[in-house]
Amino acid sequence: MAASKVIDGKTRRALDSTVLDDAVARQDTVDMLVAQIRRVRKLIPELESVPVREHNLEGPGRPPCDWDDPADMDRLVSELVDDANELVWAGEDLVASGVVLSEKAADALALLALVAGQDVEPGERPGTWRIACRTAKDRVVSTVDPESGHAHKTAHSYRDGFKAHLSVEPDTGLVTACDLGSGVASDASVAPGLIDGDPEAETILGDSAYGSGELRAHLEDEHKTTVIDAPPLRTAIAGGFSLDDFDIDIDARTVTCPAGVTVGLNKHDQARFGARCATCPLRFRCTKARKGRAVRVHPQHRLLAGARRQASSEAFAGEYPQHRPMVERTLAWLVRDNWRKLRYRGIERNRLGWSHRCAAINLQRLITLGLTANPRGDWAIT
């Protein structure tokens, strides 16, 4: 693409991400424990002598259990967790005694310890376990591909897999950088890796997922222009005062509320109005808290406040909807024909596969744009 010079002089880059489905099926706690107990005993022969409940490991199917009886399910979970813990403790004793485990065996033992604890909690009787009514953070969803997990695109929507990231030149739709990683990594945390190696990337466009203060500070340090949507402000009361209704003086470290009351920021960058709110005539629009309104000032408050002003400007309304949507079209090209489903296990192999997919779509896009070789041997768009 560099040889074609198609994007020479084009300085805008639009960022976005999408969730890709992993290549393995999600396993529940019982299936993961059974599979990993078997694997650890196979990889570490010294642990085969550790007593476990063999009836839970026999046969190709699931362990014997009355799945309609909660008590019997708790019995099975308790047995599997106890056996897993015994194997982990025995493995730790082996290492302490001087036995050197292979990297594969050590990883398998660590994964067993993880799956034995991520989804369970103590039962009603001492020494028993049951499935916890929660989802562990960064939960492993399969022992076949332990790097896969719940991949979040929004706070309320997730799939099992990885998150793919793009930087796109918005006039042509060509991918200038790509990455693939954990599904829980924020878009803003991945963005620097997409644009720092691109010297022509001067104006960065993105939705509110890229609106963090940390990324804005990084882009400011790199002397890049941001056209990034600002996350909406929350209000304590519907239709009430937001953070932008308060006068925040960073240099003086003071905050003045809409009623004209000024308080200082404490060491945690919080302004607490406390008893001053008790008789305030504007309280009904400000807070329901018994102890009065508290305002926390973000370390990058100036940048975030400026971004909210920019997002409401006419210049932003002209540039953002004109140039950013192309990245979504590029994503659509990349995941069509069932390419949202990944072909491999693990981040590294899928990252390589994703980069190859991006390269193929770039080549197809260049052909569509009319890329031809001229008599001098250079490339040009007809």
*Hey, can you tell me all the residues within segment 312-338 that are open to solvent by less than 60 Å² (accessible area, probe 1.4 Å) and closer than 10 Å to V168 by Cα?*
R324, M326, V327, T330, L331
*asked:* Residues that are touching a residue at least 60 places away in the same chain (Cβ under 8 Å), over 28 Å from C358 (Cβ atoms) and open to solvent by less than 50 Å² (accessible area, probe 1.4 Å): does segment 168-179 have at least one?
replied: no
_Residues of segment 223-240 that turn out to be in a loop (DSSP other than H, G, I, E, B) and either among the small types (G, A, S) or in contact with a helix residue (DSSP H, G or I) (Cβ under 8 Å, 6 or more places away or on another chain) (or both), as a count_ = 11
*Please go through segment 187-208 and pick out each residue that is open to solvent by 40 Å² or more (accessible area, probe 1.4 Å) and in contact with a Ser or Thr (Cβ under 7 Å, 6 or more places away or on another chain).*
E200, E202
*Can you name the condition, by its number, that V19 falls short on among (1) within 20 Å of G346 (Cα to Cα); (2) open to solvent by 50 Å² or more (accessible area, probe 1.4 Å)?*
(2)
*Tell me, which residue of segment 339-363 that is closer than 15 Å to V168 by Cα and of a type in the set (S, T, N, Q) is most open to solvent (accessible area, probe 1.4 Å)?*
S355
*Kindly indicate whether any position in segment 302-311 is under 30 Å from R12 (Cβ atoms), touching a strand residue (DSSP E or B) at 6+ places or on another chain (Cβ under 7 Å) and surrounded by 15 or more Cβ atoms within 10 Å (Cβ to Cβ).*
yes
_Given (1) β-branched (V, I, T); (2) surrounded by fewer than 17 Cβ atoms within 10 Å (Cβ to Cβ); (3) within 21 Å of G213 (Cα to Cα), index of the condition T279 fails_ = (3)
*Considering only segment 285-301, how many residues are open to solvent by 50 Å² or more (accessible area, probe 1.4 Å) and closer than 22 Å to P232 by Cβ?*
5
*Select from segment 24-59 the residues that are in a loop (DSSP other than H, G, I, E, B) and in contact with a helix residue (DSSP H, G or I) (Cβ under 8 Å, 6 or more places away or on another chain) and write down the one among them that is modelled with the lowest pLDDT.*
Q27
*Among the candidates H218, H152, H156, single out the residue that is over 12 Å from the mean Cα position of the chain (by Cα), modelled with pLDDT under 90 and more than 30 Å from A71 (Cβ to Cβ).*
H156
*Please verify whether segment 72-82 includes one or more residues that are open to solvent by 70 Å² or more (accessible area, probe 1.4 Å) and assigned to a loop (DSSP other than H, G, I, E, B).*
no
*Search segment 96-152 for residues being basic (K, R) and closer than 20 Å to D22 by Cα, and hand back the single one that is surrounded by the most Cβ atoms within 10 Å (Cβ to Cβ).*
R139
*Which residues, counting only those in segment 209-245, are acidic (D, E), surrounded by 14 or more Cβ atoms within 10 Å (Cβ to Cβ) and in contact with an Asp or Glu (Cβ under 8 Å, 6 or more places away or on another chain)?*
D229
*Where a residue in segment 42-68 is farther than 28 Å from L94 by Cβ and its partner, wherever it lies, is at pLDDT 90 or above and among the charged types (D, E, K, R), with Cβ under 9 Å and at least six apart*: R62/D31; C65/D72; C65/R75; D66/D72
*From the list A259, A217, A252, A201, which residue is part of a loop (DSSP other than H, G, I, E, B), of a type in the set (A, V, I, L, M) and in contact (Cβ under 8 Å) with a residue 40 or more places away in the chain?*
A201
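The values are calculated or read from the model by the stated rules, or taken from the named source; none is laboratory data. Note that this is a predicted model, so its numbers are computed, not measured. Neighbour counts run over all protein chains shown; Cβ positions are idealised from the backbone, glycine included. Surface areas here come from the heavy atoms of the whole protein model, side chains and all, with no ligands, DNA or RNA. Shrake-Rupley method; radii C 1.70, N 1.55, O 1.52, S 1.80 Å.
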